[in-house]
Every structure is written in C-alpha cells, then in structure tokens.
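Taking it in order: structure first as structure tokens, then the write-up.
The values are calculated or read from the model by the stated rules, or taken from the named source; none is laboratory data. Since the model is a prediction, treat every value here as computed from it, not as a measurement. A quick note on method: Cβ atoms are made from the backbone with ideal geometry, for glycine too, and the neighbour counts reach across all protein chains shown. These accessible areas exclude ligands, DNA and RNA; they are computed on the full protein's heavy atoms, side chains included. Shrake-Rupley method; radii C 1.70, N 1.55, O 1.52, S 1.80 Å.
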Amino acid sequence: MATQHSRSAARLMMAPAVVLLLGWMLIPLTMTLYFSFKKYLPMRGGDLGWVGFDNYVRFVTSSAFWPSVMTTLIIVGGVLAITVCLGIVLAILLNQPMWGQGFVRILVIAPFFVMPTVSALVWKNMFMDPNYGLFAYLWEFFGATPVQWMSQASLTSITIIVSWQWLPFATLILLTAIQSLDREQLDAAEMDGAPASKRFAYITLPHLGRAITVVILIQTIFLLSIFAEIFVTTGGAFGTKTLTYLIFQRVLESQNIGLGSAGGVYAIILANIVAIFLMRIVGKNLDA
C-alpha cells in the first residue's frame with residue numbers, strides 16, 4: 001500500500017515532465033491566441049497593433065476557407081474508409097498461417113515508418129508521373145492515355161498517398177484485435193454450418209468494433225493536420241488546399257501572422273469538434 005510519503009515522492013518526480021508538457025502545449029497556444037488579435041506583418045511593418053476579432057472575420061469570410069475545410073474532411077473521410085476496409089482484409093490475411101509470416105508482416109508495416117515527404121515524392125515521381133511513372137506505363141500497355149494524377153485526379157492522388165502511409169497502422173491494430181478473438185466461437189459457428197460471410201458479419205466484425213473506433217479516432221486527429229504530402233506534390237493547387245495548408249499560406253507566404261494565428265484557432269476548434277464527436281462514438285463502443 002502506498003504511503004503519503006511515497007505518493008508525494010511520486011508527484012515530485014512526475015512534476016518536471018508535467019511542467020514540460022504543459023509548457024510545450026500552453027506556450028504555443030497562448031502565443032497563437034495572442035497574435036490572432038493583432039495585425040502582425042513581420043516583413044511589412046511588424047506589429048501594427050490590436051485589431052480585435054478582425055482576423056477571425058477575415059479568415060472565415062475568405063473565399064478559400066470553406067473549400068479548405070471541405071477538402072480536409074474529404075481527404076480524412078477517404079483515408080479512413082480505405083485504411084479501415086483494407087486494414088480488415090489485410091489483418092484477416094495476415095492472421096492465416098503462411099510461410100514467412102513474420103517477414104510478410106514486417107513488409108506490410110514498413111510504410112508507416114517512411115517520412116511523409118519521402119513517401120509522397122516516391123509516389124509522385126515513381127508511380128504517378130504522367131511520362132515515366134509506373135501507372136503511365138500500365139495505362140499505355142492497355143492502350144489508354146496516362147492520367148495526369150496531380151492535376152486531373154489531385155484529391156484522389158493525395159488520398160492514395162496518405163492511405164498508403166496509414167494502412168500499416170490500421171492493419172497492426174486490427175490484426176492485434178483479430179488475434180484476441182476466441183477461436184472456439186468461429187469453430188462452433190462453422191460446425192453449425194454458418195458460411196464464412198456469416199461468421200465474419202456476426203462474429204469477427206463485431207469483435208473488431210472497438211479496434212476500428214480506436215483506429216478512426218487516432219488517425220483522424222493526425223489526418224486533420226495533413227500538410228507535407230500536399231506541399232511536395234500539388235503545392236495546394238488543383239483543389240487540394242486543406243485548412244492546414246491555407247494557414248501555412250497566410251503565415252509564411254503572405255507573412256500575415258495574425259491572420260494565420262486566427263486560422264490556427266479555427267483548426268483547433270475543428271479538431272476538438274471532430275474529437276468530441278468521435279470520443280462519444282468510441283465511448284459507446286468501449287462501454288458495450
């Protein structure tokens with residue numbers, strides 16, 4: 001049993017880490033809120049004083065704001081749909097006994113450890129290049145005209161690239177969940193004459209419910225801030241400008257720190273709304 005002295009010692013040892021984490025989060029947030037109420041142009045006059053909520057009004061009434069929010073949600077939704085569906089398929093396949101099972105699992109998980117900029121450049125130059133990419137050669141082999149992926153199918157391209165990066169994460173979580181499934185339930189259902197589709201729909205899929213909600217929650221939090229893949233592929237053109245990329249343009253390209261900070265606050269609000277919505281879903285599944 002822990003004594004009062006041991007609890008005090010534990011709090012004392014945890015205090016530096018807690019203070020560091022609070023500072024890591026609160027200082028940037030405080031500075032973002034501070035600059036969002038000011039007109040601050042580093043290369044054009046510096047601090048030009050307080051402007052109240054003018055930055056917020058200008059950002060939300062910008063013609064690029066709502067399209068960037070919709071683009072963000074479309075990419076997030078597309079990536080979630082692909083990674084969850086393919087993740088379930090891969091998890092089921094990897095759970096089957098096969099030769100070199102460990103090596104295959106490592107190959108499937110490997111893309112998750114590749115830097116986003118590197119994977120985006122690989123896809124852009126090696127696969128999606130309209131002249132020398134692998135997809136272009138495949139299209140020409142079947143007598144079709146190669147697709148200009150970064151201009152004609154820009155959102156699809158970004159969704160494919162990001163899905164490739166996050167598919168290993170979803171597969172790993174879902175594979176762990178499948179491995180915890182009681183095999184006796186599946187054997188009993190098979191003995192009762194239930195086909196594979198019924199066993200999947202009524203036993204395997206309900207068992208994966210918690211794992212799926214965890215995958216959706218964690219991926220959504222990170223996907224809302226997608227930036228690197230867009231920066232190195234389309235540069236925000238052809239309808240791929242997300243909210244994060246719009247903030248980047250306002251802060252670095254337009255050198256308007258106040259306007260970009262207001263956009264950052266909107267991004268935080270959007271992330272919290274989505275997180276609260278997903279937490280309610282996750283909570284229901286975890287309580288079930």
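Figures for the structure shown
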quantity: Filter result for the condition that a residue is within 20 Å of Ile173 (Cα to Cα) and either open to solvent by 20 Å² or more (accessible area, probe 1.4 Å) or not hydroxyl-bearing (Ser, Thr, Tyr) (or both), over Phe200, Phe227, Phe238; calculated: Phe200
quantity: Qualifying residue in the stretch 198-221 (condition: under 21 Å from Lys39 (Cβ atoms) and either part of a helix (DSSP H, G or I) or touching a strand residue (DSSP E or B) at 6+ places or on another chain (Cβ under 6 Å) (or both)); calculated: no
quantity: Unique match (being assigned to a helix (DSSP H, G or I), over 21 Å from Ile221 (Cβ atoms) and without any contact (Cβ under 8 Å) to a residue 12 or more places away in the chain) among Met98, Met14; calculated: Met14
quantity: Candidate set from the stretch 181-194 (those that are farther than 23 Å from Val84 by Cα and surrounded by fewer than 11 Cβ atoms within 10 Å (Cβ to Cβ)); member that is modelled with the highest pLDDT; calculated: Met191
quantity: Criterion: over 23 Å from His207 (Cα atoms), part of a helix (DSSP H, G or I) and touching a residue at least 12 places away in the same chain (Cβ under 8 Å) - qualifying residue of Trp164, Trp139; calculated: Trp164
quantity: Condition met for Gly87 (farther than 18 Å from Glu229 by Cβ, out of contact with any strand residue (DSSP E or B) (no Cβ under 7 Å at 6 or more places or on another chain) and at pLDDT 85 or above); calculated: yes
quantity: Pair list, Cβ under 6 Å, 6 or more apart: the stretch 169-191 residue without any contact (Cβ under 8 Å) to a residue 24 or more places away in the chain and closer than 12 Å to Arg210 by Cβ, other residue open to solvent by 80 Å² or more (accessible area, probe 1.4 Å) and among the hydroxyl-bearing types (Ser, Thr, Tyr); calculated: none
quantity: Checking Thr159 against (1) outside any loop (DSSP other than H, G, I, E, B); (2) over 21 Å from Thr242 (Cα atoms), the condition it does not meet; calculated: (2)
quantity: Among the residues listed as Thr244, Thr176, the single one being in a helix (DSSP H, G or I), of a type in the set (Ser, Thr, Tyr), in contact with a Ser or Thr (Cβ under 6 Å, 6 or more places away or on another chain) and open to solvent by 30 Å² or more (accessible area, probe 1.4 Å); calculated: Thr244
